Each structure stands twice: as C-alpha cells, then as structure tokens.
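Note sheet for the following structure.
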Amino acid sequence: MGRLFAAWSVRTVFTAVAAGGTAVIMAVSGALSIARDRDDLNQAAQARAEIVLDLIAALTTPALVTYDFYALDPYIEVLKKNRDISQVVVRDAQGKVVREMSRRPGSALDVTRAIEASGQKLGEVQLSVSLEEVQQALWRMTLQSVAQTLIAFLLVAGAIYATFTLLVAVPLRRLGEAAKQLAAGDLAAPVRV
C-alpha cells in the first residue's frame, strides 16, 4: 500500500505541476490577447468619436459664425438619445460654453476638435464617448479566457493523469503484486510490467 500511495503522490504532483504550467502559459497568453484587444477596441472607439466629432463640427460651424447658438439645440437633443455619447460641449472662440449636453456617469473617451473658418478659430467642440461597451467586451473576453484556461487545465491534467497511470502506476502495481507472489515462494509467477 505504501508504494501505491507513493506512486499516487508522484502521479498527483506531476499532474498538478504539468497542468498548472499549462494553465499559467494559457493565462499569460490570454492576458496578452486581452491587452491587444483592449488597445484595438480603444482605437475603434477613438475612430468612431472622430467621425462623430467631424459631423458635430460641421453642424456647429454655421451656428458659431452667425452666433445663433440655439440652432444647435436640435442636434444636442439628438445626441442625448445616443447612449454612446456621454457629453458634448460647444465653446466659442473665447472658450465660453455656448451649448452643452451634461456628462453621463461612467468612463468615457474625451476628444476635442477646434472649429475654424477662413483660418480663424471660431470655437471648439468636445465630445465624450462612453467606454461602457468596450469595458463590457473586455469583461466578456476575460471570462472567456478564464474559462478556456480552466478547460485546458482540466483536459491536460486528465490526460497527464491517465497517461501517468497507464505508463507508471499500473506497471508499478503489477510489479508489486509479482514481488509479493515471489516473496510467498511462487517462483513460477509471471512478472508483467
């Protein structure tokens, strides 16, 4: 029984170390992948914010030229309905806020664009785009990575355990049984390894 326990202990330790190493490698790989994906998602959010900012700047220019800031109100109302837009601030050439959509809670990416006409600065538009979708996507990726690592750990541990059992533990058990038979005086007992 002592030898069987020793073989079982070695088998368990070997399995845990090998599977643990595999899990660590997969976890590091998953973390690097998530970091790369985070950068890609942030760049996509930045690009989307730039496109929206271009549209807002184009719509804002006539209002800043004519000082008809109330003309911006319908556009601000439309932007309020978009859950991806956290805040919009329109400032005149002196930096005074002329129209604003108040900030929604949560993390956001802030982008600012100067508005110019005929080489003269008329003002600027600041747009804040919500990063909620980016954070949700990263959370989903993190959960998937953890699940994949856990599954890989279990598969590798099972494969190593089964292999070690077949190649080491079973032959050791057979050898122990044959040794007992030989010790009992049965010299004709077969020794299968």
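The values are calculated or read from the model by the stated rules, or taken from the named source; none is laboratory data. Only a predicted model underlies this, so the values are computations on that prediction, with no experimental measurement involved. Neighbour counts run over all protein chains shown; Cβ positions are idealised from the backbone, glycine included. Heads up: the accessible areas ignore ligands, DNA and RNA and are worked out on the full protein's heavy atoms, side chains in. Shrake-Rupley method; radii C 1.70, N 1.55, O 1.52, S 1.80 Å.
Side notes on the structure shown:
- Long-range tail of P(r) for the chain (Cα pairs > 28 Å, %): 57 percent
- Acute angle (nearest 10 degrees) that the helix 2-66 long axis makes with the longest principal axis of the chain, alpha-carbon atoms: 10 degrees
- Taken per residue, the accessible surface of region 1-155 reaches 62 Å², heavy atoms only and a 1.4 Å probe.
- Order of exposure, largest accessible area first, which applies to 153, 164 with probe 1.4 Å: 153, 164
- Selection among 46, 137, 22 by position relative to the dipole of region 1-158 gives 22 as farthest towards the positive end (Cβ unit charges, Cα centre).
- Within the accessible surface of region 44-193, defined with a 1.4 Å probe on protein heavy atoms only, the carbon and sulfur portion equals 61 percent.
- Cα long-axis angle, helix 132-164 against the chain (0 to 90 degrees, to the nearest 10): 10 degrees
- Other residues whose C-beta falls under 14 angstrom from the C-beta of residue 137 contribute a net charge of -2, scoring Lys and Arg +1 and Asp and Glu -1.
- Label sites at residue 118 and residue 12, each approximated as a point 7 angstrom past Cα along Cα to Cβ, lie 8.6 nm apart.
- Lysines with Cα under 28 Å of residue 80, excluding same-chain neighbours fewer than 8 positions away: 96, 121
- The alpha carbon centroids of region 135-193 and region 51-90 are separated by 66 Å.
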